[in-house]
Each structure stands twice: as structure tokens, then as C-alpha cells.
Amino acid sequence: MRLAAFALLALVGCGNGVGDDAPIYGGGGGSGGGGTGGDDTPQIDSGTGDAGTSVNGKVCIVADARFLTTSCKVTEVDGLLVTLAGSTARTLGDGSFTIAEAGDSSTLWHVTSDSMSNSNADVVPSIQQVSLSTILSTFSKTAYTNLLTNNGVDQVDTTGGLFLRTTHNNAPQSGVSALTTQSMYVFYDNDQSGTQWQTSAQTATNGVIWIPNALPDQNGNVAITLTPPSGPDVHTDVKVLPGNITFATVAFP
């Protein structure tokens, strides 16, 4: 049965201890047909980044949500708009870009498509924190709609999506459960399927949690309690923007 109503989950299992200090890296925020032509030079617009300093990155249009930085479309990714601290850049065909560096590690990456983007790169707007990575994940609108449909979720316009990678010693952390009062859905990666995600379970081999229809509070945050297979719970607030997908990582000690 598809669920359209919005409900709240009871927040339980909260703990305290060193787990509360686990490093947490989070995100805080229509296509055309022309693309950007054959220019192989990354397009950079000056902004408020550090004077003369630039950073190279790549936008990953995700094919399988269990592999958020490695299952990437490698062609026809040109023309996506990347924004960082007031600076903007356009991606090349493989998703690469160069942009003025931000001085603040809490600054947010924003990725979106517009009339200058390749028509085959029509993406859901996405956000993630600068300190997380220079690989910026996003989904095509078609792929994300299919993922929602396959898991019985009707998108609510006032909400955003959240993908949370859990790690330990730089490797995916299996066996993690999540609770939030700000969405009726919590899904976990499924070793047997990239399209049918698990509920009432824990993270599997890839350590990924998906929370669609997350309703941010008045500060734009979604509060989540994570329970690892051992050690104390971790409590975190993750920035979520309506109509966007946030990509974040929690590293357990």
C-alpha cells in the first residue's frame, strides 16, 4: 500500500556518551536541451571564495543509491550548476568542475539543473557540507521518482530527502538503526536490491540510511538518533531543504 499521509515516529532509544561526539558531516540545501557545447574548460564564476584559490570536484548522478559516490553516470552530465559560498561553476560532460574555494568547512555545496544543463542531466537539487567530499551526489528526477514509487512513498512538497552514510574506520557500518520524529519513513540499504529498500531493519553492507519526506524544523534541521551495533547512540541534526536531497555522513568512533 502506498502511504500518502504524514505521520510522526516516536523518538526512543536516545543515549549519551562518547558516541555523541562522533564526527558528523552533513548537508545543510527544470532542464533544457542544449547542454554547454563542446567547451572542455570548467566554467567558473567569481564569488566570495578565498582569493585566487580554487577546488576541483565532480558531480555524481547516482545510478544505485547504495553506492552514493561510485555508481555515477559518466557522460552527459554537462551544464549542471554547482554553487558554493556565492561562487558558481558548470560541470563538464563527465561531471567534473572547478570552483572558487570556500573558507568555511561548514559551507554547503548546492547542485541543480537548469536551462543550460544537458537535457539528460535533469536532477533533483541536492546539498551537502563542504567537509564531506568534493564528490557531490545527486539523482536524476526520473531515478528518484522511481525509487520513491518502488518503496511506496508519495513525495510531499514541504519535505526533503536525506541519504545518510554511516561509517567506522572509513568503512561502511552495518547494523545501524535510525529514529526520527520528522518523517514517517526510515529505509535501509538492501544487499539484494538497489530499488527495494528495507524497513524495520538496520543498515546492511553499504551502511546507508534513506529518509524520504523529512520535514525540517524552524531552523531547517532534521534530528536523528543513530544506534550502532555497539557503543552509545549518536544524536545529530542534519540540514534539509524542501524539494532537495541532503547527503550526509556519520563516522562512528
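The values are calculated or read from the model by the stated rules, or taken from the named source; none is laboratory data. As the structure is a computational prediction, the values presented were derived from the model and not from experiment. All Cβ positions, glycine included, derive from the backbone under ideal geometry; neighbour counts span all protein chains shown. Ligands, DNA and RNA are stripped out before the accessible areas are found, and what is left, the full protein with its side chains, is counted by its heavy atoms. Shrake-Rupley method; radii C 1.70, N 1.55, O 1.52, S 1.80 Å.
Brief remarks on what is shown
- Hits in region 204-223 (condition: within 14 Å of Gln155 (Cα to Cα) and either part of a loop (DSSP other than H, G, I, E, B) or modelled with pLDDT under 95 (or both)): Leu215
- Residue within region 93-105 that is touching a Pro at 6+ places or on another chain (Cβ under 7 Å), surrounded by fewer than 21 Cβ atoms within 10 Å (Cβ to Cβ), farther than 24 Å from Asn190 by Cβ and not aliphatic (A, V, I, L, M) present: yes
- Filter pass, Asn170 being out of contact with any Pro (no Cβ under 9 Å at 6 or more places or on another chain) and at positive phi: yes
- Options Gln198, Gln192, Gln182: the member that is crowded, with 17+ Cβ neighbours inside 10 Å, over 30 Å from Ala102 (Cα atoms) and out of contact with any Phe, Trp or Tyr (no Cβ under 9 Å at 6 or more places or on another chain): Gln182
- Restricting attention to region 106-120 and to residues that are under 22 Å from Ala248 (Cα atoms) and modelled with pLDDT under 90, the residue that is surrounded by the fewest Cβ atoms within 10 Å (Cβ to Cβ) turns out to be Ser106.
- Residue ID - farthest from Val62 (Cα to Cα), chosen from residues in region 146-157 that are modelled with pLDDT of 95 or more and out of contact with any helix residue (DSSP H, G or I) (no Cβ under 9 Å at 6 or more places or on another chain): Gly152
- Contact map, region 235-253: first residue on the phi > 0 side of the Ramachandran plot, second residue open to solvent by less than 10 Å² (accessible area, probe 1.4 Å) and assigned to a strand (DSSP E or B), Cβ cut-off under 9 Å, separation 6 or more or different chains; pairs are Gly243/Gly160.
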